[in-house]
Amino acid sequence: MKKIVVILFSLLAAIAVAAGPKSQPVAVNLLHLKALNTSERGGDELYMSVTVYPSQGKSSTKQIPQRPLHWLNKHLEKINNLNLWSGDLAPGQSVSILLSLMEQDAPPWNTDDLIGTVRVHIKNDNGKLISSWSMPNRIDSPTEVYTKHGPAKLFELTGEGARYQAYFLLTNKKPQAKPKT
């Protein structure tokens with residue numbers, strides 16, 4: 001009888017652990033980027049600077065697309081659900097991500113221009129992802145729009161005479177690997 005009770009207790013404990021809060025996959029994607037006004041007459045050369053501040057570990061920065069590449073504003077319609085960052089958050093962990101739209105200039109005499117920055121803070125609160133979106137140094141908040149991919153955040157990024165609309169999507173799915181061509 002004792003063996004049966006011990007086995008049942010062990011089984012219930014295993015089920016409770018399995019049902020507890022788990023690590024959550026999360027991804028931040030750029031759904032769409034639209035030029036309303038460019039900073040240069042001939043068009044802008046754009047990239048995203050993605051700076052990640054995890055609650056545990058070191059911060060990191062990457063450029064998308066990687067140098068020396070950039071997006072020409074006349075080709076922005078090709079951007080469709082582009083992954084900017086993805087990772088797994090354990091219960092209690094959080095991450096703050098700065099997504100900065102930059103206009104690339106010719107080094108070394110010209111520095112790149114910041115068009116606008118979006119900040120997203122994501123936390124795994126016992127298995128539930130909680131996010132907040134904002135723009136540093138601005139009080140306006142994003143507009144929520146519904147897309148075929150789900151609810152997205154729409155921001156208007158302005159700076160250096162440029163004006164762009166950026167649509168960002170937060171998902172709890174890992175991005176799929178792109179097929180090799």
Subject >> Pairwise FRET efficiency - TYR146 versus ASP105, Cβ, R0 = 25 Å, nearest 0.05 >> reply: 0.10
**OP:** Round to the nearest 0.05 the FRET efficiency obtained for ASN172 and ARG41 when R0 = 45 Å and r is the Cβ-Cβ distance.
**Re:** 0.60
Subject >> Selected from SER86, HIS75, ILE97, residue furthest toward positive end of dipole (segment 22-171; charges at beta carbon) >> reply: SER86
Subject >> Calculated FRET efficiency for the pair GLU156/ASN126, C-beta based, R₀ 41 Å, to 0.05 >> reply: 0.75
**OP:** Using the number of other C-beta atoms within 10 angstrom as an exposure proxy, rank SER96, SER60 with the fewest first.
**Re:** SER60, SER96
Original post:
For TYR47, what is the net charge nearby, where nearby means another residue's Cβ is under 9 Å from its Cβ and Lys, Arg count +1, Asp, Glu -1?
Top reply: -2
Original post:
Do any chymotrypsin sites (Phe, Trp or Tyr not before Pro) in segment 82-164 lie in a loop, going by DSSP, with at most 16 other beta-carbon atoms within 10 Å of their beta carbon, and if so which?
Top reply: TRP109
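I need the semi-axes of the equivalent ellipsoid of segment 22-171: take the C-alpha gyration tensor, multiply each eigenvalue by 5, square-root it, list largest first in whole angstrom.
27, 17, 14
Since every read-out is calculated from the coordinates, none of them should be taken as a lab result. It should be emphasised that the depicted structure is a prediction, and the values quoted were computed from it without experimental measurement. All Cβ positions, even for glycine, are placed from backbone atoms using ideal geometry, and neighbour counts span all protein chains on display.
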